[in-house]
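Contents: one structure, followed by commentary.
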Amino acid sequence: TTVLTAHVFKGAVEQEITSAGVVANSLGTIKWYKGSSTTAVATAKTYEVKASTVTNSEVYTCQLEQ
């Protein structure tokens, strides 16, 4: 198991992200995607990946969305 963590910077200043993935100053929300899926698997600051959900390798992406 591993935990992925999102970080958002505005200029050189890291922005606060709630555990629910909401970024301070109304910048948006963090959404996590697995592989080439266009459907978010989570909306949160962190995302836990368990070995049982990955066959060989997998790509996870987080996006800041309005």
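The values are calculated or read from the model by the stated rules, or taken from the named source; none is laboratory data. Just so it is clear, the structure is predicted and the values come from calculations on it, not from any experiment. Please note: Cβ atoms are built from the backbone with ideal geometry, for glycine as well, and neighbour counts cover all protein chains shown. Accessible surface is based on the protein model in full, side chains and every heavy atom, while ligands, DNA and RNA are left aside. Shrake-Rupley method; radii C 1.70, N 1.55, O 1.52, S 1.80 Å.
Tell me, what HN-Hα J-couplings in whole Hz come from the Karplus equation 6.51 cos²θ - 1.76 cosθ + 1.60 at θ = phi - 60° for each residue of region 8-19, using x for Gly and Pro?
Whole-Hz 3J(HN,Hα) from phi for region 8-19: 10, 10, 10, x, 9, 9, 6, 8, 6, 10, 6, 4.
For region 51-66, in order, what is each residue's ³J(HN,Hα) by Karplus, 6.51 cos²θ - 1.76 cosθ + 1.60 with θ = phi - 60°, in whole Hz (x at glycine and Pro)?
Working through the residues one at a time gives 4, 5, 9, 10, 7, 10, 8, 8, 9, 10, 10, 10, 10, 8, 10, 7 Hz.
Using only the C-alpha atoms of the chain, find the volume of their convex hull and express it per residue in Å³. Before the final figure, lay out the partial values.
Details: hull volume 6.2 nm³, N = 66.
Measuring per residue, one finds 94 Å³ for the Cα hull of the chain.
Net charge near LEU64: determine it from the other residues with C-beta under 14 Å of the C-beta of LEU64, scoring Lys and Arg +1 and Asp and Glu -1. Walk me through the intermediate numbers first.
On the way: positive: LYS10, LYS31, LYS45; negative: GLU14, GLU16, GLU65.
Net of charged neighbours comes to 0.
What are the residues whose amide H is under 5 Å from the amide H of GLY21, where those residues sit 5 or more places off or on another chain and H is modelled from the backbone?
LYS45
Go through region 25-41 residue by residue and turn each phi into a ³J(HN,Hα) via Karplus (6.51, -1.76, 1.60, θ = phi - 60°); whole Hz please, and just put x for glycine and proline.
Calculated HN-Hα couplings, in order: 6, 6, 6, x, 10, 7, 10, 9, 10, 10, x, 9, 5, 9, 9, 5, 8 Hz.
Under a 1.4 Å probe, what is the accessible area of the chain per residue, stated in Å²?
On the way: 4490 Å² over 66 residues.
I get 68 Å² per residue for this part.
What residue among GLY35, GLY11, GLY21 shows peak mean-square fluctuation when the chain is described by a Gaussian network model with Cα springs under 10 Å?
Top of the fluctuation ranking is GLY11.
If you roll a 1.4 angstrom probe over the protein chains with everything in place, what fraction of the accessible area of the chain belongs to carbon and sulfur, to the nearest %?
Numbers: 2200 of 4490 Å².
Within the chain, the accessible surface is 49 percent carbon and sulfur.
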